[in-house]
Amino acid sequence: MVAWFQSELGTGLGWFVAHLLLVLAIALPVMAVMAMSTWVDRKVWALMQLRKGPNVVGAFGLAQPFADGIKLFLKETIIPSGASRGVFLIAPMISFVLALVAWAVIPFDAGLVLADINVGLLYLFAVSSLGVYGIIMSGWASNSRYPFLGGLRSAAQMVSYEVSIGFILICVVLYASSFNLTDIVESQKGAILGVFSMNILNPLLLPMAVMFFISALAETNRPPFDLPEAEAELVAGYQTEYSSMAFALLMLGEYMNILLMCALASILFLGGYLPPVDWAPLYLVPGIVWLFLKLLFVFFLFAWVKASVPRYRYDQLMRLGWKLFLPISLFWVALVSGWLVFTGHFSGGGA
Amino acid sequence: MTQAFIFYLLAGVTLLSGLMVISARNPVHSVLWLILAFVNAAGLFLVIGAEFLAMLLVIVYVGAVAVLFLFVVMMLDIDFARLRAGVARYLPLGILLGAVLLVEMFLVAGAWTSGAIAKGVRAAPRPEGLSNTQAIGTILYTDYVFVFQAAGMILLTAMVGAIVLTHRERAGVKRQDPARQAARTPVAAIAVVRPQVGAGVETGAGVQ
């Protein structure tokens with residue numbers, strides 16, 4: 001496709017137009033999925049609490065996310081008089097844009113990836129660690145107590161759990177010998193007993209998968225770690241002063257980050273776009289469908305946790321991050337690398 | 001052409017945000033400009049093809065160090081008037097420091113284009129078939145492993161030092177013991193008492 005555009009429009013312009021279209025081809029479906037994910041989320045909570053959930057707008061309430069979007073769009077944007085205007089308006093944009101640019105390196109199928117860069121996983125890690133700025137800036141710029149406390153909590157929380165996420169990623173990278181996400185997916189092909197294509201079935205990586213899931217909950221400020229927006233104590237945390245589209249962007253950024261973490265968990269531990277069993281007929285189903293099913297499964301787990309687990313206390317949250325996850329994941333990096341050297345995993349010329 | 005344009009864009013924004021760091025009135029805005037400078041510097045790394053360093057710069061400096069900066073600056077109550085008052089007094093010293101740095105940078109630039117070391121480095125390109133990441137790893141963990149370890153030890157010492165300097169034992173602090181909390185059973189925590197009418201219950205009687 002890029003080549004066709006380049007032959008029609010010249011090298012530079014063709015490349016630009018082709019990539020613009022590719023970006024739209026990823027961003028628009030991602031946003032649509034994200035809108036529907038709010039509906040899935042609310043339906044799952046409702047069913048778990050024996051309620052009906054959204055069921056008025058459209059069939060099964062399917063149009064509810066769009067009704068919410070239009071409602072927010074039509075509201076007035078209110079900027080508090082004491083707020084730092086520039087930062088206050090930039091913060092939601094940062095949060096939204098960062099959550100969107102991360103999808104550039106996600107492989108939806110073999111070769112179906114916008115930027116197949118060799119530091120893909122580091123790129124994702126970098127983008128997700130930047131995500132904290134959207135929250136901390138909105139918390140500070142609101143110039144109000146609740147948002148500020150929410151922003152501080154969230155900054156401390158996200159920085160803490162990033163450390164252990166880093167070590168968990170390294171464990172997977174050691175198995176794949178690459179930071180490239182496509183390589184990481186391909187390395188799982190039939191890796192378990194020559195049959196299953198899932199890292200999570202590897203006894204050494206199973207604990208890491210569990211820890212990654214919990215850290216992802218903390219990283220995206222989801223319950224039971226949603227202290228930055230704990231409604232019982234902080235109203236709505238860093239979002240308190242926001243209204244209209246600025247609020248919508250913060251909300252969308254949050255959901256997009258959750259979807260991103262689901263995609264990352266699917267790619268790292270559930271085999272990404274590969275079918276779960278390395279069996280020829282299953283490859284007839286397109287890889288993007290497998291990825292979507294896995295993503296949906298992890299997303300269901302996220303919703304399940306929110307519906308059933310009570311919120312952590314802040315000191316418990318910090319203890320879990322620093323005193324349990326950090327030492328365990330650090331030890332696990334040593335264990336995995338020791339095991340891989342012992343079994344001669346790297347003797348095949350990998351660096 | 002495109003590369004030159006992107007270079008000048010990134011370099012320009014880096015310089016501009018560097019200028020804003022020292023001229024912004026609000027310290028939090030200063031830190032935010034600093035972060036913009038970091039991100040643009042990472043972009044410059046990308047332009048010269050050092051993608052691993054670019055990602056590390058973003059992860060380490062922007063994702064962790066700058067967050068802590070921001071964290072501290074946000075909580076400080078800074079008196080702007082007093083902060084501004086010293087500018088005139090320190091201006092000569094600042095200009096002197098700037099001049100020294102400028103001269104040094106020109107010297108470095110001269111050495112880089114003509115020195116034997118620089119030519120040697122450029123004559124030894126990255127090994128064929130290795131990515132940036134692997135090349136850096138190979139050098140760091142084989143050729144310079146002891147230096148790397150020493151650097152790690154120095155950082156560890158600094159960390160322990162910071163903890164020792166700031167840590168103090170405080171009396172009367174109630175600590176959480178998660179193991180004990182989890183091991184608590186209803187039998188140990190609840191006592192059913194049947195007081196006489198009008199007698200009341202002794203405070204703490206039968207309750208842990």
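A dipole drawn for the protein assembly as shown from +1 and -1 charges on Cβ atoms has a positive end, and of A:GLY131, B:PRO178, A:TYR283 the residue lying farthest that way is B:PRO178. Working ranking of peptides B:178-191, A:240-253, A:263-276 by packing, defined as the average number of other Cβ atoms within 10 Å per residue, highest first, is A:263-276, A:240-253, B:178-191.
Rg/Rh for segment B:1-90 to two decimals, with Rh computed the Kirkwood way over all alpha-carbon pairs. Across segment B:1-90, the Cα-based Rg/Rh ratio is 1.08. Between the alpha-carbon centers of segment A:66-131 and segment B:1-50, tell me the distance in whole angstrom. Result: 20 Å between the Cα centres.
Within the straight-line cut-off of under 23 Å between alpha carbons, the lysines reachable from A:LYS294 are A:LYS43, A:LYS189, A:LYS306, sequence neighbours fewer than 8 places apart in one chain being disregarded. Solvent exposure of A:THR77, expressed as accessible area, is near 70 Å², computed with a probe of 1.4 Å over the protein chains only. Residue separation of A:LEU330 and A:GLU76 scaled by 0.36 nm, minus their Cα-Cα distance, works out to 86.6 nm of gained length. When chains A and B come together, the accessible area they lose, probed at 1.4 Å and totalled over both chains, is close to 2200 Å². Each other residue within a Cβ distance under 12 Å of A:THR77 adds +1 if Lys or Arg and -1 if Asp or Glu, for a net charge of 0.
Per the Debye formula with a single identical scatterer at each Cα and no solvent contribution, what log10 I(q)/I(0) holds for chain A at q = 0.07, 0.11, 0.13, 0.15 Å⁻¹? So the normalised log intensities are -0.32, -0.80, -1.10, -1.39.
Contact with the other protein chains removes 40 Å² or more of accessible area, compared with the isolated chain and a 1.4 Å probe, from these residues of segment A:134-181: A:ILE136, A:TRP140, A:LEU152, A:VAL159.
Overall size of segment B:127-166 from C-alpha positions, given as principal axis extents largest first: 49, 16, 6 Å. The mean number of partner chain beta-carbon atoms within 10 angstrom of a residue's beta-carbon across peptide B:54-64 is 6.
Nearest 10 degrees is fine. How inclined is helix A:64-74 to the longest principal axis of chain A, computing both from alpha carbons? Around 50 degrees separate the two axes.
Give the carbon-plus-sulfur fraction of the accessible surface of chain A in %, rounded to a whole number; probe 1.4 Å, heavy atoms of protein chains only. The C+S portion of the solvent-accessible surface of chain A is 73 percent. Dipole orientation for the protein assembly as shown: of the candidates A:LEU234, A:PHE96, A:GLY151, A:LEU234 has the Cα lying most toward the positive pole (charges on Cβ; Lys, Arg +1; Asp, Glu -1). Multiplying the residue separation of A:LYS323 and A:PHE16 by 0.36 nm and removing their Cα-Cα distance gives an extension gain of 105.7 nm. Simple point charges give the picture: +1 on the Cβ of Lys and Arg, -1 on the Cβ of Asp and Glu, and for segment A:216-351 a dipole about the Cα centre of about 360 debye. In segment A:62-88, no residue has its accessible area drop by at least 30 square angstrom when the other protein chains are added to the isolated chain; the probe is 1.4 Å and only protein heavy atoms count.
The angle between the Cα long axis of helix A:120-130 and the longest principal axis of the Cα atoms of chain A comes to about 20 degrees, rounded to the nearest 10. Looking at the protein assembly as shown, the accessible area is 57 square angstrom per residue; that uses a 1.4 Å probe and ignores ligands, DNA and RNA. Is the shape of segment A:218-351 best called rounded, prolate or oblate, per the rule: a/c under 1.5 gives rounded, else a/b larger than b/c gives prolate, else oblate, with a ≥ b ≥ c the square roots of the Cα gyration tensor eigenvalues? Here segment A:218-351 falls in the oblate category. For segment B:163-202 and segment A:247-299, what is the separation of their C-alpha centers, rounded to whole Å? Taking the Cα centre of each part, segment B:163-202 and segment A:247-299 sit 45 Å apart. Buried on complex formation within segment B:131-163 (loss of at least 30 square angstrom of accessible surface versus the isolated chain, 1.4 Å probe, ligands and nucleic acids ignored): B:THR133, B:GLN134. Using the Cβ-Cβ distance between B:VAL108 and B:ALA189 with R0 set to 56 Å, the FRET efficiency from 1/(1 + (r/R0)^6) comes to roughly 0.25.
In vacuo Debye scattering of segment A:113-245, one point per C-alpha: log10 I(q)/I(0) at q = 0.10, 0.16 Å⁻¹? Relative scattering, expressed as log10 I(q)/I(0), comes to -0.43, -0.85. Dipole magnitude for chain A: computed about the Cα centre from +1 point charges on Lys and Arg Cβ and -1 point charges on Asp and Glu Cβ, it is near 800 debye. These residues, A:SER308, A:SER144, go from largest to smallest accessible area, 1.4 Å probe, as A:SER308, A:SER144.
Helix A:11-48 and the long axis of chain A differ in direction by around 70°, with both axes built from C-alpha atoms. When the charge dipole of the protein assembly as shown is built from unit charges on Cβ atoms (+1 for Lys and Arg, -1 for Asp and Glu) and taken about the Cα centre, the candidate among A:ALA307, A:THR182, A:ALA248 whose Cα reaches farthest toward its positive end is A:ALA307.
The values are calculated or read from the model by the stated rules, or taken from the named source; none is laboratory data. Because the structure is a prediction, the values reported are computed rather than measured. Positions of Cβ are generated from backbone atoms using ideal geometry, with glycine treated the same way; all protein chains shown enter the neighbour counts. Please note that ligands, DNA and RNA were not included when accessible areas were found on the heavy atoms of the full protein model with its side chains. Shrake-Rupley method; radii C 1.70, N 1.55, O 1.52, S 1.80 Å.
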